[in-house]
Amino acid sequence: MAPVFAQTLPRADQVPGGVALVDLGPASAPRPTARFQGEPIMIVKHTDRWTAVVGLPLSLKPGDHDLDVQSSGQKVAATFAVAAKQYPAQHIRIKERRMVDPGPEDLKRIARDQEVIRRAFASWRDDPAPPLSFVLPTQGRLSSEFGLRRYFNGQARQPHSGLDIAAPTGTAVLAPAAGVVVAIGDYFFNGKTIFIDHGQGLVSMYNHLSRIAVIDGAQVRRGELIGNVGATGRVTGAHLHWTV
Ligand SMILES: [Zn+2]
């Protein structure tokens, strides 16, 4: 087994769209494994404890949630509480009606895109110490926060699942942490897109690019050029949409 390094943790924010940190006992025991809602969960060693780092979906219901933990072949109980959070609403006007009310052919493409995107986010590499601190991938104005409840031309749509950084087309987009490119593509809503797998299920996504500068399978270092800001897909102007 690869060596396990102690590392810093993200800030716990136990709300839908936040991060839960769940203590799984002393690191003198073998590394446990954990699943949440069927998906494998990142476990890191921190101050001589095993800690599960659980990314909480925006759609998660507040209340108590269980992790399925296996430690030395035994099932271990681990529960964490999620508090409610009301995210602000955001109303956006889109000129291209097709981007709000896609036609039948568009809907087929969107379904294909969603399957590719789902698979990219389900990527898993067994890195014992994935990078947990990220720098911003481009320079610009933060134009839309994470979690906003969104209305396009007055119609409720999926909440905002990332952070928007407004910057002119062509602005460099840099890898905010080391990883492996696990998918690139051009999608109906997301435009030109890159996915980077940082290890243990931590996958980041970069949307609306004008150019993709990496190939599928490439290893990237923190700070390496991966593409350029653009306005491809459903946008009102050039920006990077970044999801971690
Ligand atoms: Zn966005």
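Brief remarks follow.
- For segment 137-164, residues that are of a type outside the set (Gly, Ala, Ser) and either touching a Cys at 6+ places or on another chain (Cβ under 8 Å) or within 30 Å of ARG49 (Cβ to Cβ) (or both) total 2.
- Those residues of segment 171-217 which are touching a helix residue (DSSP H, G or I) at 6+ places or on another chain (Cβ under 9 Å) and closer than 16 Å to SER123 by Cα, in sequence order: VAL182, ALA183, GLY185, THR193, PHE195, ASP197, GLY201, VAL203, MET205
- Filtered residues of segment 144-182 (kept if closer than 26 Å to ALA84 by Cβ, within 11 Å of the ligand (Cβ to nearest atom) and not in a loop (DSSP other than H, G, I, E, B)): SER144, ARG150, LEU163, ASP164
- Scan of segment 189-199 for residues that are open to solvent by 10 Å² or more (accessible area, probe 1.4 Å) and within 14 Å of GLN114 (Cβ to Cβ), ordered by number: PHE189, ASN190
- Boolean, PHE152 is open to solvent by less than 30 Å² (accessible area, probe 1.4 Å), closer than 22 Å to ASP101 by Cβ and in contact (Cβ under 8 Å) with a residue 60 or more places away in the chain: yes
- Of the strands (runs of 3 or more DSSP E) lying entirely inside segment 197-244, those containing at least 2 residues that are at pLDDT 95 or above and within 12 Å of the ligand (Cβ to nearest atom) are 203-209, 239-243.
- The numbered conditions (1) closer than 27 Å to PRO40 by Cα; (2) away from the ligand (no atom under 16 Å from the Cβ); (3) among the β-branched types (Val, Ile, Thr) are all true for ILE194 except (2).
- Taking the conditions (1) under 14 Å from the mean Cα position of the chain (by Cα); (2) open to solvent by 30 Å² or more (accessible area, probe 1.4 Å); (3) in contact (Cβ under 8 Å) with a residue 12 or more places away in the chain in turn, ARG118 satisfies each one other than (3).
- One residue alone among GLY73, GLY63 is outside the structural domain of SER161 (by TED's automatic domain parsing) and under 22 Å from ARG149 (Cβ atoms), and that residue is GLY63.
The values are calculated or read from the model by the stated rules, or taken from the named source; none is laboratory data. Every value quoted in this text rests on a predicted model; they were computed, and no experiment measured them. In this analysis, Cβ positions are derived from the backbone assuming ideal geometry, glycine residues included, and neighbour counts consider all displayed protein chains. Heavy atoms of the whole protein, side chains included, go into the accessibility calculation; ligands, DNA and RNA do not. Shrake-Rupley method; radii C 1.70, N 1.55, O 1.52, S 1.80 Å.
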